[in-house]
Amino acid sequence: MRDERYAKLAEVLVNYSVAVERKQLVQISGPTIAEPLMTEVYRAVIKAGGYAATRPYFPGLSEIFYSGAKKHQLEYVSPLSKFETETIDRFITIWGDENTKALSNVDPEKQKLRSRSNRELFQRFLERESAGEIKWVGTQFPCNASAQDAEMSLREYEDFVLNACLVNLKDPIAAWKKIHNKQKRICNKLNKAKTIRVVAKDTDLKMKVGGRKWINCDGQANMPDGEIFTGPIEDSVEGKIAFSFPACYAGREVHGVRLTFKKGKVVKASADKGEDFLLAMLDTDEGARRVGEFAIGTNYNVQKFTKNTLFDEKIGGTIHMALGASLPESGGVNESGIHWDIVNDLRGGGTIYADGKVIHRDGKFALK
């Protein structure tokens, strides 16, 4: 039976998030288990007058690749991927897994090599996106594996995902536009700041942001959305941070991440679980030890940690930092083959200062 909520979400993705126009080439990629949503997105692209190109894939292929790939295969960058990056106008990516832990035992050195090999392609994608040549949005398809990670039934998780995308509302596009206006006011104030400091449990971190732009994330790159971010000046990050939530990346979980920065670079890193993977990713390339993004989560409709960064980094009252590549629209210039968002909860006690003045305390904005 057709779920009209997926049709409604597809309309948001196609007509708001990436704003498909007539004769634009749109890639729709996702796992085969996401067929109900991919079908509705395809339908919406055709309705908008675009050219729909589907790229479905089977769950489990990444596990096969990493278990058997030789060095030359890990380093290979497909010319088809290069062509897609340079040619496609709109990218709509749908995530979903049958087993979110399938890559838990992969050799971290293999994942590091793969990230390093894709660096140039990843950087080119970011450049085109920043220049406005392409638009991209990613979203989650409710599936059993992710529901289990979130400790929910599939029905509960489906409601969680779709309600977070605001498709439970009569006019979700109007709701996202309202969020845009609210966050725009915050960004305008923070664009005047020169320094940011975060103080929380086992955390005292400083960075310079003068001349960098705060970006309003309002559903046009992630769905759901709800954050503001900037790119810190690359050599300015100083101090230490202890992350309260597990760091999830590339099918792995790292618990109890602690980082120490000096002159913008991670000089000390440890973790309670998955430290070998953390250290391998930090050694991906020169840029992997620097901060490409500092962000504040603003979506107070998302309050539960689910081990899915798409949602977790949006939790209202949290911050997150991305190790690796900057997002060029913020003014950041750090380049890397990775962009790893790690989330820290400030709701139980934490303060953000801008130029020495409190702007955020215990998970709430305190801007005047």
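The values are calculated or read from the model by the stated rules, or taken from the named source; none is laboratory data. Computed from a prediction, not measured in an experiment: that's the story for all the values here. Backbone-built Cβ (ideal geometry, glycine too); neighbour counts: all protein chains shown.
Below is a table of values for the structure above.
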quantity: Condition met for Glu151 (part of a loop (DSSP other than H, G, I, E, B) and out of contact with any Gly (no Cβ under 9 Å at 6 or more places or on another chain)); calculated: yes
quantity: Candidate set from the range 24-53 (those that are free of Cβ contacts under 8 Å to residues at least 60 places away in the same chain and over 17 Å from Tyr6 (Cα atoms)); member that is surrounded by the fewest Cβ atoms within 10 Å (Cβ to Cβ); calculated: Gly49
quantity: Output for the range 162-177, where each listed residue is surrounded by 15 or more Cβ atoms within 10 Å (Cβ to Cβ) and among the small types (Gly, Ala, Ser); calculated: Ala164, Ala175
quantity: Any chance Leu323 is under 14 Å from the mean Cα position of the chain (by Cα), within 30 Å of Leu13 (Cβ to Cβ) and assigned to a strand (DSSP E or B); calculated: yes
quantity: Unmet requirement for Val106, which otherwise passes all of (1) outside any strand (DSSP E or B); (2) at pLDDT 95 or above; (3) in the same structural domain as Pro31 (by TED's automatic domain parsing); (4) not acidic (Asp, Glu); calculated: (2)
quantity: All positions within the range 238-262 that are surrounded by fewer than 21 Cβ atoms within 10 Å (Cβ to Cβ), under 18 Å from Phe311 (Cα atoms) and of a type in the set (A, V, I, L, M); calculated: Ala250
quantity: Matching residues in the range 245-285 - criterion: being of a type outside the set (D, E, K, R) and in a loop (DSSP other than H, G, I, E, B); calculated: Phe245, Pro246, Ala250, Gly251, Gly256, Val257, Gly264, Ala271, Gly274, Thr284
quantity: Total residues in the range 223-249, condition closer than 22 Å to Phe365 by Cβ and either in contact with a helix residue (DSSP H, G or I) (Cβ under 6 Å, 6 or more places away or on another chain) or assigned by TED's automatic domain parsing to the domain that holds Gly138 (or both); calculated: 4
quantity: Residue tally, condition surrounded by 17 or more Cβ atoms within 10 Å (Cβ to Cβ) and either within 13 Å of Asp283 (Cα to Cα) or not β-branched (Val, Ile, Thr) (or both), over the range 129-138; calculated: 4
quantity: The range 192-206 residues that are on the phi > 0 side of the Ramachandran plot, paired with ones that are not β-branched (Val, Ile, Thr) and not in a strand (DSSP E or B) (beta carbon under 7 Å, 6 or more apart); calculated: none
quantity: Top-ranked residue of the range 76-114 - restricted to ones that are polar (S, T, N, Q) and without any contact (Cβ under 8 Å) to a residue 24 or more places away in the chain, ranked as surrounded by the fewest Cβ atoms within 10 Å (Cβ to Cβ); calculated: Ser78
quantity: One residue from Glu21, Glu63 being among the charged types (D, E, K, R), over 21 Å from the mean Cα position of the chain (by Cα) and either part of a helix (DSSP H, G or I) or surrounded by 17 or more Cβ atoms within 10 Å (Cβ to Cβ) (or both); calculated: Glu63
